[in-house]
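Below: the structure, in structure tokens.
The values are calculated or read from the model by the stated rules, or taken from the named source; none is laboratory data. Everything quoted here is computed from the prediction, not taken from an experiment. Counting neighbours? That spans all protein chains shown, and the Cβs are built from the backbone with ideal geometry, glycine included. Heads up: the accessible areas ignore ligands, DNA and RNA and are worked out on the full protein's heavy atoms, side chains in. Shrake-Rupley method; radii C 1.70, N 1.55, O 1.52, S 1.80 Å.
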Amino acid sequence: MTPRNMRMVRHVDGFHRNGMKMSSICTASSSKSQTSIPNSSVWKRFSSSTSGSSAVAAASKKEGTEVSDMFFDNLGTMFLSAIAITIAALVRSSYSSSNRIAARDALEEETELDPLEIHELQLANGPELNKEVMGDILNYFVTQNGEITAQKMTYTSFVSQVLHVMRKKYDERFTIQLGHLLDRLALKNVQQQRQLTNDDNNNNSGNGNGEDDDLLDLDLLLTILSVALHGSITDRVDVLFQIMMSQQTTQSDVKDYAPESHLLRMITNLQKTCQLVPDAQILETEGRKYPLQQYHVGTPHEMLTIAKESQKEKISQQASEQQQWDCHDFHVLLRSKAICAWGECYHKTNLKRITKESSNPNETFVE
């Protein structure tokens, strides 16, 4: 064997020995890796639980995203809707207020005397036409004709008898100052009465008596005269209460109380003689709130009902339950915002009921 062949044999033999070593190393590493791999079932459970929690989290995230997307997608619509509703409410409120103002303005146009004219009339007739003189005039008519309610007369006859009483007390030249203002009130009521009579005659196809149309109730005429009374609000209330009391017979079991029917009649007279502020007379019309609130001039019964409800804690049990009103309850009622005679509801006044043990039994209130 040649030296060259000897070297080739050695290379081949070394190659085989190295190959056997490499194979043994690969086999050992393979067996080692197999012993380190855990059980396949454990991996399956772990992978299934992980995938389930991931699915729940993904679903909840998707649901929250959908709700959030619904809100944000309609954010502009909701914003514009809120603005539209607010504008509609403001427009409705504005038109409703306009309806109330229109009703009040219409009532003021029909009013014969404004508050300034009434104030000037009272100042011009002071101090002669006071509470005492009004009491004398009232007693004169009661003595002459008996119960006030049953009496009717013309305004001319009424003024003539009033001047007779006052000239007997003062002077023959005495007269009522600014009497033309009272004339306007009386004429307005005569015209209204004629209009009502004509409407009734047209409906009944009858003929009215022109002379009877000029007759006014005596309690209304006395209320017209009270507009010129010079004195405090207490004096004015006392005079009106005396007029109400003179409408019932002296045989009444409750001579210190006036029934509610007389109270309604007096509120009617105050309404006819411009002694109630227009704001108190404008009431909401029931059943006509939409699309716009409508208003009307309240009736005495409506105003009395509202006043009794608002003043139920101030009026007596006799007035609220038995419908018998004394002078104090009558005063509370006239000062309520639902009646508001002479604008007194705008002035804060504490009323005190005077008992029979008072040192001044003629004074009913302390202002």
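Quick one: in the stretch 294-337, of everything that is assigned to a loop (DSSP other than H, G, I, E, B) and among the acidic types (Asp, Glu), which residue is farthest from residue 94 (Cα to Cα)? Applying the filter and picking the extreme gives 326. When each of 271, 293, 323, 275 is tested for being open to solvent by 30 Å² or more (accessible area, probe 1.4 Å) and touching a residue at least 60 places away in the same chain (Cβ under 8 Å), the lone residue that passes is 323. The residue list 197, 154, 143 contains one member that is open to solvent by 90 Å² or more (accessible area, probe 1.4 Å) and under 27 Å from residue 261 (Cα atoms), which is 143.
Table: residues versus (1) under 27 Å from residue 231 (Cα atoms); (2) touching a strand residue (DSSP E or B) at 6+ places or on another chain (Cβ under 6 Å); (3) open to solvent by less than 60 Å² (accessible area, probe 1.4 Å); (4) modelled with pLDDT under 90.
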site	(1), (2), (3), (4)
80	no, no, no, yes
92	no, no, no, yes
101	no, no, no, no
106	no, no, yes, no
117	yes, no, yes, no
123	yes, no, no, no
127	yes, no, no, yes
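In the condition set (1) in contact (Cβ under 8 Å) with a residue 40 or more places away in the chain; (2) touching a Lys or Arg at 6+ places or on another chain (Cβ under 8 Å); (3) surrounded by 17 or more Cβ atoms within 10 Å (Cβ to Cβ), residue 241 is compliant with all but (2).
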